[in-house]
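What follows is a short report on a single structure.
The values are calculated or read from the model by the stated rules, or taken from the named source; none is laboratory data. Quick caveat: nothing in here was measured; it's all calculated off a predicted structure. Ligands, DNA and RNA are stripped out before the accessible areas are found, and what is left, the full protein with its side chains, is counted by its heavy atoms. Shrake-Rupley method; radii C 1.70, N 1.55, O 1.52, S 1.80 Å.
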Amino acid sequence: MKTWVWMLGGLIVWAVHFAGIYAIASVADVVARADALSWRMAALAFSGVCALVCAGLLALAARRIRTGPPPGTFADQMATLGAVLALISIFWQALPTLTGY
């Protein structure tokens, strides 16, 4: 089970990010306007935290590939791929927060 969590770590962070951004936007729409600056900054801060977690996972996975067996283990390679994919996706999902739409 630990290996699966390691391989899917980046994608898990991405799923948490998706749910969190959706929740922030939903609450913002009920309380004020979803494009209010304070709610946008809260969503942007949440996106930043999730991106930092993914970057940490990516750095750890890349280091394990460099110091491990010659091609690295399959789990480490999948963790790297998942973290890169999650970073790209988190950035893509944060773009509307930056632009205000």
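Tell me, which residue of segment 17-66 that is among the basic types (Lys, Arg) and assigned to a helix (DSSP H, G or I) is most open to solvent (accessible area, probe 1.4 Å)? Reasoning before the result, please.
Here is the first cut: in segment 17-66, the ones among the basic types (Lys, Arg) are 33, 40, 63-64, 66.
Retained after the next criterion (residues that are assigned to a helix (DSSP H, G or I)): 40, 63-64, 66.
Working: ARG40: 51, ARG63: 125, ARG64: 103, ARG66: 177 Å².
Among residues in segment 17-66 that are among the basic types (Lys, Arg) and assigned to a helix (DSSP H, G or I), the one most open to solvent (accessible area, probe 1.4 Å) is ARG66.
Can you tell me how many residues within segment 72-88 are closer than 12 Å to TRP4 by Cα and open to solvent by less than 30 Å² (accessible area, probe 1.4 Å)? First the steps, then the outcome.
To start, the set of residues in segment 72-88 that are closer than 12 Å to TRP4 by Cα comprises 74-76, 78-79, 82.
Filter once more, keeping what is open to solvent by less than 30 Å² (accessible area, probe 1.4 Å): 75-76, 79, 82.
Residues in segment 72-88 being closer than 12 Å to TRP4 by Cα and open to solvent by less than 30 Å² (accessible area, probe 1.4 Å): 4 in total.
Which is open to solvent by 80 Å² or more (accessible area, probe 1.4 Å), in a helix (DSSP H, G or I) and of a type in the set (A, V, I, L, M, F, W, C), of TRP6, TRP92? Quick ask: steps written out before the conclusion?
On the way: TRP6 fails: open to solvent by 80 Å² or more (accessible area, probe 1.4 Å).
One residue alone meets the criteria, TRP92.
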